[in-house]
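Below is one structure, written out as structure tokens; comments come after it.
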């Protein structure tokens, strides 16, 4: 899984090497067992702790499974906890000054988010409670984002995470070969484009469903820039916008079009197409509200579980791309170089600049760069 996360360009906290467990081992032995009764425990078990008492004692029962009671402290559980400690300790050095500042300010300012499947949630609750028990520096705020199951259709047997990425990458290359009537998979100039398209395909596929819902992945489905529910479609329309503005820039350099004037001087009353107002009122104007709802996780919400709304971002970007595509296919934005047409053209270009900025910002939320060609 760590390989797939790297391929998807997800900066995920992890320990660079197996974390030492000696400190946790010593604390566990001191907490749970005495030297006289240690021999009666099963192999690999250091003792047990009453998690229910721990939860009730901290006043944090909201959200924890009511069946949590005694927990056998095993070597495997300590190893998992040591890796979690190491990942949090090295995270500030890698990429998050905000978390580093929180850790410096004290454990009360730091929140750890566990992303876990339904099947592993019970075990993960044991782990975060045990962290409080064995580590005085454990963050007091821990939240869980619980993800639903992923079902695979169209491929017999099992498929590893790296194989899943390679399958989508091969499909992206095949779709490009059909579009350009030649195989570009071995062309170094296209390698990065295909990687980004593969990542976009997978991220939209995985994140277009609410995290807690079941996801059915149809691996046999082909990939096309015309498929209006895919990350490839969003990327395709970003590339169309890039091509549009590159064409406008060249025409300005050739003296065919005037340069963009100040926005205050544009006459937006010339935007009379229904599609233009759809882009404005359904795409550009609602975007700040979308950011407010989705860009940050609510770390202060009561309870243990925390919601993530990735599906709202994906659906918004797909719908905006559909509205833009419909408009772009119907309206010739770059007009003939005649002065009486420039006012409307420049107003349209300013609207599409706003659309482009929204698409780019939305993709950035998903960790995706825009593409200038596909």
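Per-residue ellipticity at 222 nm, computed for the chain from helices alone with -39500 (n - 2.57) per DSSP H run of at least four residues, works out to -17000 deg cm²/dmol.
So if each residue of separation counts as 0.36 nm, and I subtract the Cα-Cα distance between residue 48 and residue 297, what length gain in nm does that give?
Values: separation 249, 0.36 × 249 = 89.64 nm, distance 3.38 nm.
Additional length available on full extension: 86.3 nm.
Beta bridges from DSSP with both residues in the chain: antiparallel share about 30 percent, rounded to the nearest 5.
In µm²/s, what is D for the range 131-252 at 37 °C and 0.692 mPa s, where D = kT/(6 pi eta Rh) by Stokes-Einstein and Rh is the Kirkwood radius from Cα pairs? Using the Kirkwood radius from Cα pairs, D works out to 190 µm²/s.
Full extension from residue 360 to residue 341: what is 0.36 nm times the residue separation minus their Cα-Cα distance, to one decimal in nm? It would help to have the intermediate numbers written out before the result.
Working: separation 19, 0.36 × 19 = 6.84 nm, distance 2.85 nm.
Full-extension gain reported as 4.0 nm.
How far is helix 22-32 tilted off the main Cα axis of the chain, in degrees rounded to 10, range 0 to 90? Computed tilt is about 50 degrees.
GNM remark for the chain: springs join alpha carbons under 10 Å apart, and the peak mean-square fluctuation among 360, 169, 332 falls on 332. Between the helical axis of 231-253 and the longest alpha-carbon principal axis of the chain there is an angle of about 40 degrees.
In the range 45-87, the inverse of the mean reciprocal separation of distinct Cα atoms equals 11.6 Å; this is its Kirkwood hydrodynamic radius. Each 10 Å bin from 0 upward holds the following percent of the Cα-Cα pairs of the chain: 4, 18, 24, 21, 15, 9, 5, 2, 1, 0.
Hey, what does the equivalent ellipsoid look like for the range 152-365, semi-axes from the Cα gyration tensor as sqrt of 5 times each eigenvalue, largest first, whole Å?
Values: eigenvalues 245, 122, 35 Å².
Working from the Cα gyration tensor, I get semi-axes of 35, 25, 13 Å.
To the nearest 0.05, how large is the calculated FRET efficiency for residue 245 and residue 152 if R₀ is 41 Å and r is the Cβ-Cβ distance? Here the calculated transfer efficiency is 0.55. Were the residues from residue 218 through residue 72 laid out at 0.36 nm apart, the gain over their Cα-Cα distance would be 48.6 nm. Angle of helix 188-207 to the longest C-alpha principal axis of the chain, folded into 0 to 90 degrees and rounded to 10: 60°. A viscosity of 0.692 mPa s and a temperature of 37 °C, combined with the Kirkwood radius over C-alpha pairs in the Stokes-Einstein formula, give the range 231-295 a diffusion coefficient of 224 µm²/s. The ratio of the alpha-carbon radius of gyration of the range 258-374 to the globular-protein estimate 2.2 N^0.38 Å is 1.29.
No lab work stands behind these numbers, since they all come straight from the coordinates. Quick caveat, the model's predicted, so the values are computed rather than measured. With ideal geometry, Cβ positions are generated from the backbone for all residues, glycine too; neighbour counts draw on all protein chains shown.
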